[in-house]
1. Binning every alpha carbon pair distance of segment 129-222 at 5 Å from zero, what are the percents per bin?
2. Which lysines, on any chain, are close to residue 263 with Cα under 27 Å apart, when same-chain ones fewer than 8 places away are left out?
3. Considering only DSSP states other than H, G, I, E and B, which chymotrypsin sites (Phe, Trp or Tyr not before Pro) in segment 113-154 qualify as loop sites with at most 12 other Cβ atoms within 10 Å?
4. Determine the per residue accessible area of segment 37-99 with all protein chains present and a 1.4 angstrom probe, expressed in square angstrom.
5. Which of the trypsin sites (Lys or Arg not before Pro) across segment 104-154 are loop residues per DSSP, with 16 or fewer other Cβ within 10 Å?
6. Run the simple label-point estimate for residue 186 and residue 264 please: 7 Å along Cα→C-beta, distance reported in nm.
Amino acid sequence: MSAQMKDFSKNKAFLIDMTKCTGCRGCQVACKQWNQLDAEQTEFFSGEGYQNPPAMSEKTFTRIKFRDYQKNGQNEFAFYKEMCMHCNEPACASVCPVGAFHKTEEGPVIYKAERCIGCRFCMIACPFGVPKYEWSKALPLVKKCTGCYSRVKEGMKPACATTCPTAISYGPRDEMIKEAERRLAAHPNRYIQKVYGKDEAGGTSVIYLTPLPFDELGFKPVTLRPLPGYTWQALRLVPAAFLTVGGGLSAISWINHRKDRLKKEREAQAAQTSEPKED
Ligand code: SF4
Ligand code: SF4
Ligand code: SF4
């Protein structure tokens, strides 16, 4: 079904108001906890700012970027919560030859690991640099923010939105946009007068309000048009060698080995959740 024909009336979105963010990074911790993501070696100063870890990765689906600036002679901090934008017309899904990425009607763009053949088209196509590959593993998967789909489809909010004390609202996308526009009108001096994500890349399920220009906070410049049409033009030029699966394994044996890995991980998870709890 084409994106135009989809029913997005149930589409939910994040409204992330960066003027209300305190930089507590509770969202980063909640994301790690809910998704059972390992900690990773990191350093405080990345050269780019004060954020930690220095970049999103296969073990870090969201992070807060810090930017210091001066306002009325005072030192101030501005923040930017990076994560998957859950695009309405996701470039990652449009280029995946086996349909491993999928925009759900609730909003999150999800990844079905068992379908993935490891071509990494999605990583090249995403205008926000979101999908990451488990390069350190013999049988790697693509990893990214799931939009906490397992929670959202049960009527709950994503873990990061539940934890955030101040900055993240979550609800029907049209209501989040109306609320963002209400805040812009009510506080013209507090915000850059733009709702980022309303139209970017054809519209996204993550929308932002910020106190500083978007490029100064590190937002990527993207076209307002949906990206799937452009991405195929660019991907025609990708050398075939880049897209082959690695190592000495043939593609089919590699995919089968990876299916085994997924099966074992799911069995281990099921065993963990069914273990009786100690008093
Ligand atoms: S939990 Fe909320 S206030 Fe804390 S860093 Fe994340 S977005 Fe900012
Ligand atoms: S931000 Fe990238 S990974 Fe996320 S839905 Fe959009 S194209 Fe896909
Ligand atoms: S929506 Fe879920 S997976 Fe995505 S950043 Fe928030 S907690 Fe992490």
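The values are calculated or read from the model by the stated rules, or taken from the named source; none is laboratory data. Computed from a prediction, not measured in an experiment: that's the story for all the values here. Note: ideal-geometry Cβ built from the backbone for every residue, glycine included; neighbour counts use all protein chains shown. To get the accessible areas, we keep the full protein, side chains included, count just its heavy atoms, and leave off ligands, DNA and RNA. Shrake-Rupley method; radii C 1.70, N 1.55, O 1.52, S 1.80 Å.
1. 2, 10, 17, 19, 21, 14, 9, 4, 2, 1, 0
2. Here the lysines satisfying the reach criterion relative to residue 263 are 32, 59, 103, 112, 132, 137, 143, 144, 153, 277.
3. 135
4. Values: 3080 Å² over 63 residues.
Here the per-residue accessible area is 49 Å².
5. Working: sites: 112, 115, 120, 132, 137, 143, 144, 151, 153; in loops: 112, 115, 120, 137, 144, 153.
Passing both the DSSP loop test and the Cβ count: 112, 115, 137, 153.
6. Roughly 5.4 nm, to one decimal.
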